[in-house]
Amino acid sequence: MARPMRLNTGRLLLSPYTPEDYPALRALHTDPSVTAYISWPPDTPEQTRALLDRRCAQGEPPVQGGTAMTLAVRLPSGLLIGEAQLRRRTPEPATGTIGYVIAPECAGLGYATEVAGALLRFGFESLHLERITGECDPANSASRRVLEKLGMRRVDHVRGHEQDVVYAIEAGRYETSNPTRRWSAGPTST
Ligand SMILES: CC(C)(COP(=O)(O)OP(=O)(O)OC[C@H]1O[C@@H](n2cnc3c(N)ncnc32)[C@H](O)[C@@H]1OP(=O)(O)O)[C@@H](O)C(=O)NCCC(=O)NCCS
């Protein structure tokens with residue numbers, strides 16, 4: 001069996017979920033400052049458990065052959081403090097979209113920028129995507145700032161995200177500016 005995907009971002013580790021993540025995941029998904037901006041918060045403890053079971057069963061990163069990869073964002077201690085997702089949007093041209101959540105008690109430390117930077121790097125350098133977008137609620141100023149700090153530019157709305165503001169970066173511009181270099185150490189086998 002191939003080794004599960006891990007991305008070392010420098011200060012954080014993105015890695016598969018484990019059953020022990022339940023308390024941290026439940027806390028994350030019931031915090032009003034988080035649920036205000038994510039479309040998939042589980043309402044009940046049972047729904048959180050079912051979500052975690054699905055994520056634990058995800059196994060290998062399906063984004064390589066499928067459509068999405070969701071990883072736990074961890075401190076070096078292993079504690080889950082957020083979530084990171086890279087989802088394929090279209091196969092031809094190869095495009096993707098990123099998503100991230102950081103627990104409120106860890107906000108303002110640059111973690112979301114570090115996580116999103118690692119996702120961009122993985123998407124462009126390992127999956128060879130041609131364009132990556134990030135979508136967020138127009139009122140979500142912190143998330144918009146994260147996307148801007150990564151060198152992403154505001155673009156037109158995309159289908160399915162008509163209510164959101166959309167930012168994008170193309171592979172060519174990423175390679176020229178590589179805005180994520182300082183945040184992402186790339187895949188690791190640890
Ligand atoms: C949005 C979120 C990901 C930010 O995480 P974070 O780790 O605090 O982000 P970073 O520290 O990397 O960067 C945040 C930036 O936003 C800025 N910011 C924070 N609150 C802000 C606000 N109300 N208005 C404008 N900018 C704001 C910070 O100052 C920082 O920019 P700076 O480095 O130029 O000072 C996190 O708060 C979160 O998960 N929120 C709930 C879920 C969510 O919104 N997910 C994204 C869905 S698209």
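The values are calculated or read from the model by the stated rules, or taken from the named source; none is laboratory data. These numbers come from a predicted model, not from an experiment. Reconstructed Cβ throughout: ideal geometry from the backbone, glycine too, with neighbour counts over all protein chains shown.
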Restricted to the stretch 84-98 and to residues being under 10 Å from Thr70 (Cβ atoms) and surrounded by fewer than 24 Cβ atoms within 10 Å (Cβ to Cβ), the residue nearest to the ligand (Cβ to nearest atom) is Gln85
Considering the stretch 74-94 alone, what residues qualify as being over 15 Å from the mean Cα position of the chain (by Cα) and farther than 15 Å from Gly10 by Cβ?
Ser77, Gly78, Leu79, Thr90, Pro91, Glu92, Pro93, Ala94
Given (1) surrounded by fewer than 24 Cβ atoms within 10 Å (Cβ to Cβ); (2) touching a Lys or Arg at 6+ places or on another chain (Cβ under 9 Å), Glu105 misses just (2)
Restricting to the stretch 86-115, name every residue that is out of contact with any Gly (no Cβ under 7 Å at 6 or more places or on another chain), at pLDDT 95 or above and aliphatic (A, V, I, L, M).
Ala107, Leu109, Ala112
From the option list Leu80, Leu12, single residue qualifying as surrounded by 13 or more Cβ atoms within 10 Å (Cβ to Cβ), closer than 20 Å to Glu125 by Cβ and modelled with pLDDT of 90 or more is Leu12
If we keep only residues of the stretch 162-177 that are more than 14 Å from the ligand (Cβ to nearest atom) and charged (D, E, K, R), then the residue surrounded by the fewest Cβ atoms within 10 Å (Cβ to Cβ) is Glu162
Test: Ile132 is at negative phi, within 13 Å of the ligand (Cβ to nearest atom) and touching a strand residue (DSSP E or B) at 6+ places or on another chain (Cβ under 8 Å)
no
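Per-residue answers, yes or no, for (1) within 13 Å of the ligand (Cβ to nearest atom); (2) without any contact (Cβ under 8 Å) to a residue 60 or more places away in the chain; (3) touching a Phe, Trp or Tyr at 6+ places or on another chain (Cβ under 6 Å); (4) of a type in the set (S, T, N, Q):
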{"position": "Tyr100", "(1), (2), (3), (4)": "yes, yes, no, no"}
{"position": "Leu147", "(1), (2), (3), (4)": "yes, yes, yes, no"}
{"position": "Val155", "(1), (2), (3), (4)": "no, yes, no, no"}
{"position": "Gly160", "(1), (2), (3), (4)": "no, yes, no, no"}
When the residues of the stretch 15-37 are filtered to those that are surrounded by fewer than 14 Cβ atoms within 10 Å (Cβ to Cβ) and within 13 Å of the ligand (Cβ to nearest atom), which remaining residue is farthest from Ala84 (Cα to Cα)?
Pro32
Unmet requirement for Met152, which otherwise passes all of (1) out of contact with any Gly (no Cβ under 9 Å at 6 or more places or on another chain); (2) crowded, with 23+ Cβ neighbours inside 10 Å; (3) over 25 Å from Asp31 (Cα atoms):
(1)
